[in-house]
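See below for the structure under consideration.
No value in this document is a laboratory result; all are computed from the given coordinates. As the structure is a computational prediction, the values presented were derived from the model and not from experiment. Please note: Cβ atoms are built from the backbone with ideal geometry, for glycine as well, and neighbour counts cover all protein chains shown.
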Amino acid sequence: MTVAPARALSSAIEAFAGQVYFAPECHRGYAALGFAPSRATSRGVERPDGPAYFCSRGSALGQAPGEVVAAAFAVFNPAVVVPSVAYGWTLTDAPTIRAARTEGSVAQLRRVLGAAPDGLDRALALLRRAVDGLSVAGKPLFAGLVAEGLVGDPLTDAWQLADQLREYRGDAHVNAWTAAGFDGVEIGLITELYRGFPPRSYVRSRAWADDELSAGEDRLAQRGLVRGGVLTDAGRACRESVETATDAVCVPILANLGDDLGELVELVGGWSKRLRDAGAFP
């Protein structure tokens, strides 16, 4: 592999796990509960309604208030998350929207990949191994998904396990960037530069206002991490250290998989490619 093994696995599962946030079947399920339909697109793929997104993903935490959801998600503006979650819980409850989330996600997977995509049994076995014994300490979203348990249908279980792995790394990433001294605005801004995204493109989807973004840019400059809208050497090293720290937390996953890591990357990565090619993930 040409990238760090933990990042290769993360990249392979991203579309397979993350298509839940763009599935029309999910959007329809949330609309049936009273949420608004999709109002925007990302690279031609429908994005979820904000309150539906916060409540569906946040349902892993139970019937949690918006402050708790904002803390776990970390990169979104709490001023938007808190009222969105409060509104969402007037429409539904955590178990109901969690079920709609799972059903909609798997419906899209079946539509695009079929009920039993090639390699499903082997991928499922490897995904089970990957999550076996992982610590939930400091990982609220991962812990919540683990507590839900598996349904027992092979494709659904494979998706749930991939979702667990995605949130495991996500929780670890939040811990890494907060320990590095970033806040939700700053990590979004520096990540855009680190990954070569247009300025204020990705981070704007996290509901931060222009004045908050400007203040965040000033703080990054004061730390010597950004100069003239460009990452300094220190800035790039600091941002890379966040990924390295995140990778370190994922070492138990790699140990569980051993020499079979590449096989899982190939199997689930192939499914992710098909989902992207079908327009199911941006």
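For residue 63 and residue 222, calculate 0.36 nm times their separation in residues minus their Cα-Cα distance, and state this gained length in nm to one decimal. In short, 53.3 nm is gained. Along its three principal directions, the equivalent ellipsoid of the chain from the Cα gyration tensor extends over semi-axes of 29, 24, 17 Å, largest first.
Computed over region 68-222, the P(r) curve from all C-alpha pair distances, binned at 5 Å from the origin, holds 1, 8, 14, 16, 16, 15, 14, 10, 4, 2, 0 percent per bin. Please report the base-10 log of the normalised intensity I(q)/I(0) for region 224-282, using a Debye sum with one equal scatterer per alpha carbon and no solvent, at each q in 0.16, 0.20, 0.24, 0.30 (1/Å). Once normalised to I(0) and log-transformed, intensities are -0.79, -0.84, -0.87, -1.06. Counted residue by residue at 0.36 nm each, then reduced by the alpha carbon distance between them, the extension gain from residue 36 to residue 200 reaches 56.5 nm. By the helix-only formula, in which each DSSP H run with n ≥ 4 contributes -39500 (n - 2.57) and the sum is divided by residues, the chain has a 222 nm mean residue ellipticity of -21000 deg cm²/dmol. Between residue 245 and residue 277, the modelled label-to-label distance comes to 3.9 nm, taking each label 7 Å out from Cα in the direction of the beta carbon. Each residue, residue 111 and residue 71, gets one label point 7 Å from its Cα in the Cβ direction; the gap between the two is 3.7 nm. The slack in the chain from residue 11 to residue 236, taken as 0.36 nm per residue of separation less the alpha-carbon distance, amounts to 79.0 nm. Expressed in Å, the radius of gyration and Dmax of the Cα atoms of region 184-268 are 16.4, 49. Among 41, 246, 92, the largest mean-square fluctuation in a Gaussian network model of the chain, built with springs joining Cα atoms closer than 10 Å, belongs to 41.
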